[in-house]
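A.B. asks: Encoded as structure tokens, here's the structure I'll be asking about.
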Amino acid sequence: MAGAAHCSLQAKRLLLDPKFEGYKLSLEPLACYQLGLDAAVAEVQLRDDQYTLDHMRAFGMYNYLHLDSWYQDNVYYVDQFGRVMNLSVTLDTALQKPREVFRLPADLTACDNRLCASMHFSSSTWVTLSDGTGRLYFIKSGKRGSSASEKWEIVFNEELGSPFIVAHSVSFIKSDAHSLDVLLLRVEKDELDTKGSGFHVTLEWVTVAERKEGDHRYEIIKRRVLQGKSVPHYAAIEPSGDGLMIVSHKPFTFMQSESDKSEENYDAKVSNEKKDPLYYWQQTEDDVTVTVRLPQDIMKDDIKIRFSPDNMCVTLKDQTPLMEGNLYSSVDHESCTWIIREDKSLEISLIKKNEGCRWPELIIGDTRGEFIMDPSQCSEIAESLMHLTSEVMNPNPEKENPPCNAQELEECDAFLEDGASLCRFDGDTLKVTHIINLGSNQYLFSVVVNPKEMPCFCLRHDVDALLWQPHSDQPENMWEHIATFNALGYVQASKQDKKFMACAPDYSYAALCECLRRVFIYRQPTPLATVLYNRKEGRQVGQVAKQLVATLEANDPILGFQATNERLFVLTTKTLFLIKVNSGN
């Protein structure tokens, strides 16, 4: 992370409501429509060897319903026959059955270690698709959502190793050639990890471009792999293909090619050779002793040492000073001495002016020396710190400020995972350019507000949920706070059975669903048509935020969940539900 700019997220005060009073449960009925599916969704159950939390996050909690943000109210899923099925909604009262738009060529059931099929809409006419067996498809779809012009045609189709799911993709023009970038997510066995889960997570960043021969064929021009120890909450490629942003609890790093490794090893070897200490130093309560190795040809007359109360300068043969700078603390410069020892090393004795003061460094800012601590000093320091650590909860009950008892912490104070961060990687150097430590700002969900920009991500800030829009082309405003869902951070924490969260692209509501049946909807505050008083404070309330609850008539688990400005789409194994949340303009 060296060289990365450490940034922070700046919330807009105007988008925060410190006087928000909470959600009022509304009993208004929600129109709910359901469509029976011709064939069940192609759900893939976790195998016995996919037992880690990362497997559950990546594949067990996979959202099988895909929202096409380029077209309004247009959703897709893959059924058990390998058919990509589409539902495009214009009128809720005239719903058509989901229709087949594409069929995967491979027999999915023949692959034992397959994952779920996955897709991403790279542009208004391009789709990235994986069948879950390790094969990647780029498809030219034409204008989607309209049966007249929608025709899915495979343009690129290649086996890329072990099975993966498509995390994100973009389509762009670079150097007058059309390119597609895709992120592939894998959870792989790690033979070297003997203490952890035994698995690591990889994100493969693949670039496919149109060949210059003009035959409209596409080929892979770059494959780069990032590796980490946790499934990323958010991973997205910038619209220009120049960078990548990742939100994860554990850091990701690019895996190097062999040539890069050998070059780096050589650099490390050279720097290690340079890191041999120039001098060694020890200290007691009264003095400091410095030992410097001298070159073979140096005699006593070649050495010049100048002492002053706060400074020291050592020069050999009238060359550039070997050691020079301000000492950590003042010395009695008239009592300081130096000698050449039998082993041809220079020994300098400095007498401290402030007796008993421990020096953390000899010359301020000089890291070329090495401090050697004597065993008696080690035991002294250990003894002085003994009161801070003990096997007994409070070894000295009479002492003020007893140590913290972790068992007294409330559940909301405990973070299961610390150190979540948002990193931006440069596509050319493969280095982190920006990093934000998210700390306790829990990741909640992502949403596409504008398909031409990167997906937004929603984070918990105190009790609220704040929506952030990345702007890769605006270095001064790379993450913009665009909306707030009041108290949603607090509310969602109480829903222990929640599976998916989403919000409308126009921020008019947020929603979450449980594993079975129940869907909770949280509307933004709206002005009241009638007068309402807060009895406690005796004042008029101008607006109210409503919570609505929908219970689906289904016994199958929820497999997919997507929100548009007007509707919620909920997918179970055999049924697709539509919940009308807002009426159209």
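A.B. asks: Scanning segment 548-565 for residues that are more than 13 Å from Glu43 (Cα to Cα) and under 30 Å from the mean Cα position of the chain (by Cα), which turns out most open to solvent (accessible area, probe 1.4 Å)? Give the steps one after another, and end with the answer.
C.D. replies: Initial filter on segment 548-565 (more than 13 Å from Glu43 (Cα to Cα)): 548-555, 561-565.
Next, from what is left, pick out any that are under 30 Å from the mean Cα position of the chain (by Cα): 561-565.
Working: Phe561: 3, Gln562: 38, Ala563: 5, Thr564: 10, Asn565: 57 Å².
For segment 548-565, the residue satisfying everything is Asn565.
A.B. asks: Whether any residue in segment 76-83 is over 30 Å from Ser141 (Cβ atoms) and among the aromatic types (Phe, Trp, Tyr) is what I want to check. Explain how you work it out, then say what you get.
C.D. replies: Of segment 76-83, the ones over 30 Å from Ser141 (Cβ atoms) are none.
No: zero hits.
A.B. asks: If you don't mind, there's one more thing I want to ask. Test Asp426 against the stated conditions and say whether it is touching a helix residue (DSSP H, G or I) at 6+ places or on another chain (Cβ under 7 Å), touching a residue at least 40 places away in the same chain (Cβ under 8 Å) and open to solvent by 10 Å² or more (accessible area, probe 1.4 Å). Give the derivation first.
C.D. replies: On the way: touching a helix residue (DSSP H, G or I) at 6+ places or on another chain (Cβ under 7 Å): no; touching a residue at least 40 places away in the same chain (Cβ under 8 Å): yes; open to solvent by 10 Å² or more (accessible area, probe 1.4 Å): yes.
Taking the combined requirement at face value, the residue does not satisfy it.
A.B. asks: Does segment 394-413 contain at least one residue that is modelled with pLDDT of 80 or more, surrounded by 12 or more Cβ atoms within 10 Å (Cβ to Cβ) and not in a strand (DSSP E or B)?
C.D. replies: no
A.B. asks: Shifting gears a bit: Just to be sure I understand, how many residues within segment 140-154 are closer than 19 Å to Val448 by Cβ and either open to solvent by less than 10 Å² (accessible area, probe 1.4 Å) or of a type in the set (Phe, Trp, Tyr) (or both)? Show your work before the answer.
C.D. replies: Taking segment 140-154 first, the residues closer than 19 Å to Val448 by Cβ are 141, 143-145.
Next, only the ones that are either open to solvent by less than 10 Å² (accessible area, probe 1.4 Å) or of a type in the set (Phe, Trp, Tyr) (or both) stay: 141, 144.
Matching residues across segment 140-154 total 2.
A.B. asks: Yes or no: segment 211-224 includes at least one residue that is open to solvent by less than 30 Å² (accessible area, probe 1.4 Å) and either modelled with pLDDT of 95 or more or not aromatic (Phe, Trp, Tyr) (or both).
C.D. replies: Scanning segment 211-224, I find at least one residue that is open to solvent by less than 30 Å² (accessible area, probe 1.4 Å) and either modelled with pLDDT of 95 or more or not aromatic (Phe, Trp, Tyr) (or both), so the answer is yes.
A.B. asks: Now, a different point. Looking only at strands (runs of 3 or more DSSP E) that fall completely inside segment 485-539, which ones have 2 or more residues that are modelled with pLDDT of 95 or more and either over 18 Å from Arg567 (Cβ atoms) or open to solvent by less than 40 Å² (accessible area, probe 1.4 Å) (or both)? Even if it seems obvious, please write down each step before you answer.
C.D. replies: Details: elements: 498-503, 509-514, 518-523, 526-534.
Correct list: 498-503, 509-514, 518-523.
A.B. asks: Scan Thr320, Thr289 and give me the residue that is at pLDDT 90 or above and within 55 Å of the chain's Cα centre (by Cα).
C.D. replies: Numbers: Thr320 fails: at pLDDT 90 or above.
When all the criteria are applied, what remains is Thr289.
A.B. asks: Now a separate question. Residues of segment 120-135 being touching a residue at least 40 places away in the same chain (Cβ under 8 Å) and crowded, with 22+ Cβ neighbours inside 10 Å, which ones?
C.D. replies: Hits for segment 120-135 are Phe121, Ser122, Thr128, Leu129, Ser130, Asp131, Gly132.
A.B. asks: Which residue out of Leu327, Leu322, Leu350 is out of contact with any Pro (no Cβ under 6 Å at 6 or more places or on another chain) and either farther than 22 Å from Glu285 by Cβ or among the β-branched types (Val, Ile, Thr) (or both)?
C.D. replies: Numbers: Leu327 fails: either farther than 22 Å from Glu285 by Cβ or among the β-branched types (Val, Ile, Thr) (or both); Leu350 fails: either farther than 22 Å from Glu285 by Cβ or among the β-branched types (Val, Ile, Thr) (or both).
Criteria check complete, one pass: Leu322.
A.B. asks: Does Phe59 qualify as being hydrophobic (A, V, I, L, M, F, W, C) and either under 19 Å from Arg186 (Cα atoms) or outside the structural domain of Arg186 (by the TED database) (or both)? Spell out the reasoning first.
C.D. replies: Values: hydrophobic (A, V, I, L, M, F, W, C): yes; either under 19 Å from Arg186 (Cα atoms) or outside the structural domain of Arg186 (by the TED database) (or both): yes.
The answer is yes for Phe59.
A.B. asks: Of all residues in segment 213-245, which are over 30 Å from Leu444 (Cα atoms) and assigned to a loop (DSSP other than H, G, I, E, B)?
C.D. replies: Of everything in segment 213-245, those that are over 30 Å from Leu444 (Cα atoms) and assigned to a loop (DSSP other than H, G, I, E, B) turn out to be Glu213, Gly214, Asp215, His216, Arg217.
A.B. asks: Inside segment 454-482, can you point out the residues that are in contact (Cβ under 8 Å) with a residue 60 or more places away in the chain and assigned to a loop (DSSP other than H, G, I, E, B)?
C.D. replies: Within segment 454-482, Met454, Pro455, Ser472, Asp473, Met478 qualify.
A.B. asks: Please state which one of Ile372, Ile348 is modelled with pLDDT of 70 or more, under 30 Å from Met323 (Cβ atoms) and not assigned by the TED database to the domain that holds Gln296.
C.D. replies: Ile372
A.B. asks: Let me ask another. Would you please list the contacts, defined by Cβ atoms under 6 Å and residues six or more apart or on different chains, that run from a residue in segment 38-51 that is among the small types (Gly, Ala, Ser) to a residue that is not in a loop (DSSP other than H, G, I, E, B)?
C.D. replies: As it stands, the answer is Ala39/Asp79; Ala42/Val78; Ala42/Asp79, since those pairs meet every condition given.
A.B. asks: Suppose the filter is more than 34 Å from the chain's Cα centre (by Cα) and closer than 16 Å to Asp131 by Cα; does Phe81 pass it?
C.D. replies: Working: more than 34 Å from the chain's Cα centre (by Cα): yes; closer than 16 Å to Asp131 by Cα: yes.
In short, yes.
A.B. asks: Of Leu180, Leu185, Leu203, which residue is assigned by the TED database to the domain that holds Leu115, under 23 Å from Ser69 (Cα atoms), within 20 Å of the chain's Cα centre (by Cα) and surrounded by 19 or more Cβ atoms within 10 Å (Cβ to Cβ)?
C.D. replies: Details: Leu180 fails: within 20 Å of the chain's Cα centre (by Cα); Leu203 fails: under 23 Å from Ser69 (Cα atoms).
Of the residues listed, the single one that is assigned by the TED database to the domain that holds Leu115, under 23 Å from Ser69 (Cα atoms), within 20 Å of the chain's Cα centre (by Cα) and surrounded by 19 or more Cβ atoms within 10 Å (Cβ to Cβ) is Leu185.
A.B. asks: Tell me which residues, restricted to segment 13-33, are exposed (fewer than 14 other Cβ atoms within 10 Å of the Cβ) and charged (D, E, K, R). Talk me through it step by step, then tell me what you get.
C.D. replies: Our first condition is that a residue be exposed (fewer than 14 other Cβ atoms within 10 Å of the Cβ); within segment 13-33, this holds for 13-14, 18-19, 22, 24-25, 27-29, 31.
Arg13, Lys19, Lys24, Glu28, listed by residue number.
A.B. asks: A follow-up question, please. Please report, ordered by residue number, the strands (runs of 3 or more DSSP E) entirely within segment 287-346 with at least 2 residues that are hydroxyl-bearing (Ser, Thr, Tyr) and open to solvent by less than 60 Å² (accessible area, probe 1.4 Å).
C.D. replies: Working: elements: 287-293, 303-308, 311-316, 323-326, 337-340.
Those strands (runs of 3 or more DSSP E) span 287-293.
A.B. asks: Quick one: which of Asp260, Asp276, Asp242, Asp297 is at pLDDT below 90 and under 28 Å from His168 (Cβ atoms)? Before you say what the answer is, go through the steps one by one.
C.D. replies: Values: Asp276 fails: under 28 Å from His168 (Cβ atoms); Asp242 fails: at pLDDT below 90; Asp297 fails: under 28 Å from His168 (Cβ atoms).
Exactly one of Asp260, Asp276, Asp242, Asp297 is at pLDDT below 90 and under 28 Å from His168 (Cβ atoms), namely Asp260.
A.B. asks: Can I ask one more? Test Pro451 against the criterion of being outside any strand (DSSP E or B) and open to solvent by 30 Å² or more (accessible area, probe 1.4 Å), and give yes or no. Quick ask: steps written out before the conclusion?
C.D. replies: Numbers: outside any strand (DSSP E or B): yes; open to solvent by 30 Å² or more (accessible area, probe 1.4 Å): yes.
Yes; evaluated as a whole, the condition is true for this residue.
The values are calculated or read from the model by the stated rules, or taken from the named source; none is laboratory data. Just so it is clear, the model here is predicted, and its values are computed rather than measured. Glycine also receives a Cβ, built like all others from the backbone with ideal geometry; neighbour counts cover every protein chain displayed. Note: areas computed on protein heavy atoms with side chains; ligands, DNA, RNA excluded. Shrake-Rupley method; radii C 1.70, N 1.55, O 1.52, S 1.80 Å.
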